[in-house]
Amino acid sequence: MAECQKAGVEPDQKYVPGDCPRCGGAFVCRSTRISNCWCLDYQVSPRQLAELRLMYEGCLCEGCLAELAD
């Protein structure tokens with residue numbers, strides 16, 4: 001299961017608008033349609049993922065994830 005699917009998104013929602021917990025920018029989470037989720041395009045190490053989970057709740061926007069990706 002992809003990390004973005006663990007963000008507390010209701011399973012019947014196709015796209016979920018929200019604010020990035022890192023930068024505060026608005027974005028649309030596509031975690032309920034994982035095949036459409038842009039987060040699959042980025043690699044984050046297990047250690048970095050653990051650190052992000054401690055610092056933020058939910059999904060990050062694509063810009064923040066791109067900055068943090070390996």
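The values are calculated or read from the model by the stated rules, or taken from the named source; none is laboratory data. Remember, it's a predicted structure, so these values are computed and weren't measured experimentally. All Cβ positions, even for glycine, are placed from backbone atoms using ideal geometry, and neighbour counts span all protein chains on display. In case anyone asks, the SASA skips ligands and DNA or RNA and just uses the protein heavy atoms, side chains included. Shrake-Rupley method; radii C 1.70, N 1.55, O 1.52, S 1.80 Å.
Checking the stretch 30-51 against the condition returns no match, with no residue being modelled with pLDDT of 90 or more and closer than 16 Å to V16 by Cβ. Taking the stretch 52-70 as the range and being open to solvent by 90 Å² or more (accessible area, probe 1.4 Å) and of a type in the set (D, E, K, R) as the test, the residues that pass are R53, E57, E67, D70.
Take the conditions (1) assigned to a helix (DSSP H, G or I); (2) open to solvent by less than 50 Å² (accessible area, probe 1.4 Å); R47 misses just one of them, which is (2). Filter the stretch 1-29 for residues that are modelled with pLDDT of 70 or more and open to solvent by less than 40 Å² (accessible area, probe 1.4 Å); which is farthest from A69 (Cα to Cα)? Going through the qualifying residues, I end up with V16.
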